[in-house]
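Below: one structure, written as structure tokens.
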Amino acid sequence: MIDTSPPILRLQFSRFTTQKKTRFLSKILVFVAVFPLAFLTWFLTGIVAPYSAWAVSNSDLIPNPELVNKPTGGTAIPVLCNPDFQKCDESAQLLGTVNNNRGRWNPFLPENNMAKDGKIYYKKVELKADGGRHHDGVYAFRFVTNHDLYQTFKADHNQVDSTGKPQLLDGEQASQAQNIMVKIDRDGVYKISFNPRTADYNVTPQPTYLTKIESVELNGFVWDDENMFQKFDETSPNHEMTKNADWWEITIPLKTTGGIDFRADGVYQFLFSANNNEDWGFGAYNNGQGMLTGGTGFGSSGGQSKHSAITVQVFADGDYTLRMNPSQYKFEVISPKGVKPPKIWNDITSFQLLGSFYPDNQFDPTISEHNLNNIGDNIWTKTLQLEPGIYGANVGISGELFLDTMALGAWLESDQPNKLIGKNWHGKPNEPNIFFQVKEPGNYQFTYDDARDQFSLESLDNIPWSPLVTIDTLQLVGSFAQPLQAWNPTSTANNLEKVGENIFTKDVKLEANRQYNYKYTANNWGWLWVFSDYELDEYGHDFLGRNPDPINSSLEDLETYGQLTTHGDPPPLAFTPTTSGCYTFTANLETGAYSVQPSKNNTCE
């Protein structure tokens with residue numbers, strides 16, 4: 001039977017799970033058994049109480065109900081209504097470079113929500129003819145409904161209307177689709193509207209829609225001789241591939257000792273971009289078939305466990321031909337004649353639970369003891385014995401770090417104080433790990449659902465606990481003299497002052513011509529939640545903190561001066577003052593802008 005109901009209606013029906021049906025029916029039976037006359041009166045008069053009235057009381061939910069669906073300002077992890085046992089309001093999110101926040105591609109952020117007008121969702125954004133990632137007026141965006149990665153709407157660049165606007169694809173089809181790419185010819189406020197029921201959208205005033213591929217670039221660790229800034233530079237002429245019929249290809253040397261420098265093991269991670277824009281990108285679809293997924297650059301990752309960077313391993317040095325077909329969404333890596341073919345890692349064979357609760361090799365997915373156990377129906381589990389403390393965790397895929405670990409997207413409401421629930425994703429470069437606090441020693445079970453990339457953490461001893469959600473303090477941690485504590489993220493002496501909803505500053509006395517290296521850390525938790533500037537995201541090309549206005553920074557400013565990120569373990573920032581004196585360090589956690597400037601007060605500790 002073909003389901004022709006609108007997308008959101010299908011979603012709401014599917015959310016009425018077996019668990020909810022059981023609860024629903026059991027409450028009716030109790031009601032009928034205890035109050036038959038009242039039930040009969042209620043039934044005959046048609047006074048039907050909605051299911052939500054029988055749902056769990058908000059006061060019983062964790063985390064704090066006051067945080068649910070509230071904007072984060074860059075200083076908190078989103079907390080969302082849980083549709084497994086609550087009636088949640090329908091919503092739509094606009095993602096992309098049209099947003100001026102660090103989480104511009106984050107589907108879980110309430111600040112990326114669109115306003116609703118009847119059946120239509122809309123958002124007004126300020127766009128510029130010289131704006132976008134490359135100051136050329138080109139912007140990329142896509143839609144999501146109900147903060148759900150599996151309800152993503154992207155563009156089929158092969159199906160366009162008379163104005164050149166591509167049609168939308170959703171569900172599984174969206175993996176083989178692209179971001180909506182537009183070029184803005186004049187500055188102004190643009191209204192982006194979206195109807196998820198009809199899968200239609202509009203941009204007014206009308207921009208130029210971009211759908212034709214003029215060039216394809218190979219970006220990533222395959223460029224062994226380039227520095228970290230150059231490897232993922234989608235504008236580099238050196239990265240351009242040659243078109244051969246429907247395929248684009250390039251032949252480059254790969255080595256068994258090549259790849260990222262700290263591994264040098266012949267495992268290479270890379271992406272393709274189109275028209276020198278990584279947001280018009282291609283990553284891998286993890287089905288073991290050499291398939292690509294679209295709309296995936298380094299900063300616009302699709303986020304599902306099915307989506308990763310392309311990852312291959314070579315077993316002999318030689319010149320390898322890398323090919324991709326953008327219309328068929330396929331890729332190939334062809335080894336030299338007589339050489340063993342490379343291994344394509346893009347398949348899901350296992351999951352690993354990684355975290356700071358292990359004594360050694362905490363985030364190494366190759367350790368067999370870190371494997372989750374597959375118990376069927378897409379469910380994976382692992383039981384841990386934990387002592388009191390604050391921990392960080394994420395989930396590895398197939399024992400290979402380059403397949404991009406699944407970190408934390410959002411916390412979901414939980415109706416059990418001993419059970420935490422959340423959404424996983426990899427949204428590099430700004431996804432945090434799963435942070436939680438254990439208050440009593442005991443046995444804790446981690447469960448991962450790979451069909452919807454959702455997890456739970458449950459105390460098997462019924463010990464209440466709570467997820468860690470907010471950034472309450474920020475620390476400046478680096479090679480500074482007293483009164484700061486050098487490289488000590490737990491010291492309150494390194495705390496910055498919070499001067500706005502998402503702005504942190506600190507005045508520090510510095511010596512001329514001395515290089516200072518530093519990072520930012522959160523909540524005096526040690527090195528669990530770290531902010532620095534990741535050289536692979538193509539925002540900025542130095543770590544010198546030269547942004548003149550971090551308070552009001554735009555996307556174009558970030559492209560020039562860089563942004564704070566949380567992905568992986570980015571290198572320290574660096575600053576060398578030309579004169580001695582007091583300098584103000586500023587971090588804007590909403591946009592990711594940061595700077596070091598001479599202090600206006602010229603007084604510091």
Cα centre as origin, Lys/Arg/Asp/Glu Cβ charges: the chain dipole, Debye: 1460
Rounded Å value of the spacing that divides the Cα centres of the range 76-139 and the range 524-599: 24
Only Lys, Arg (+1) and Asp, Glu (-1) charged, at Cβ; the range 62-148 dipole about Cα centre in debye: 160
For the range 216-344: relative contact order, % (alpha-carbon pairs under 8 angstrom, 6 or more apart): 24
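Working out 0.36 nm times the residue gap between residue 343 and residue 579, then minus their Cα-Cα distance, what length gain in nm do you get to one decimal? List each step's numbers first, then the result.
On the way: separation 236, 0.36 × 236 = 84.96 nm, distance 5.34 nm.
Length difference between fully extended and current span is 79.6 nm.
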At most 15 other Cβ within 10 Å, DSSP loop - trypsin sites (Lys or Arg not before Pro), the range 276-356: 337
Charge dipole of the chain about the Cα centre (unit charges at C-beta), most positive-ward option of 178, 162, 241: 162
Excluding exposed DSSP-loop chymotrypsin sites (Phe, Trp or Tyr not before Pro) (at most 16 other C-beta within 10 Å), longest clean stretch of the chain: 17-261
Whole-Hz couplings from phi, Karplus 6.51/-1.76/1.60, listed for the range 390-397; x for Gly and Pro: 9, 10, x, 8, 8, 10, x, 10
Kirkwood-Stokes translational diffusion coefficient of the chain, alpha-carbon pairs, 10 °C, 1.306 mPa s, µm²/s: 62
Gap separating the Cα centres of the range 156-182 and the range 479-512, nearest whole Å: 47
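Pick out, in residue order, every one of the trypsin sites (Lys or Arg not before Pro) in the range 152-235 that is DSSP loop and has at most 11 other C-beta atoms within 10 Å; say none if there are none. Let's see the in-between values first.
Working: sites: 154, 183, 186, 191, 197, 212, 231; in loops: 186, 197, 212.
Taking the range 152-235 and a limit of 11 other Cβ atoms within 10 Å, the loop trypsin sites (Lys or Arg not before Pro) found are 186, 212.
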Of the DSSP H helices in the chain, those whose Cα atoms cover at least 30 Å axially and whose Kyte score averages 0.0 or more: none
Contact order normalised by residue count of the range 453-524, Cα under 8 Å, 6+ apart, percent: 37
Span from the the range 439-471 Cα centroid across to the the range 324-368 one, whole angstrom: 27
Fraction in percent of alpha-carbon pairs per bin - 10 Å, the range 475-540: 20, 47, 30, 2
Cα lying deepest toward the dipole's positive end in the range 90-210, options 151, 132, 121, charges on Cβ: 132
Where Cα atoms sit under 13 Å apart: lysine pairs in the range 50-185 separated by 8 or more or lying on different chains: 4
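Please compute the contact order of the chain in relative form: average sequence separation of alpha-carbon pairs under 8 Å and at least six residues apart, divided by the residue count, as a percent. Kindly include the intermediate steps, with their values, before the conclusion.
Details: 1457 pairs, mean separation 66.0, N = 605.
Computed value for the chain: 11 percent relative contact order.
Every read-out reported here was derived from the displayed coordinates using simple, explicitly stated rules and does not represent laboratory data. These numbers come from a predicted model, not from an experiment. No Cβ is skipped: glycine too gets one built from the backbone with ideal geometry, and neighbour counts run over all protein chains shown.
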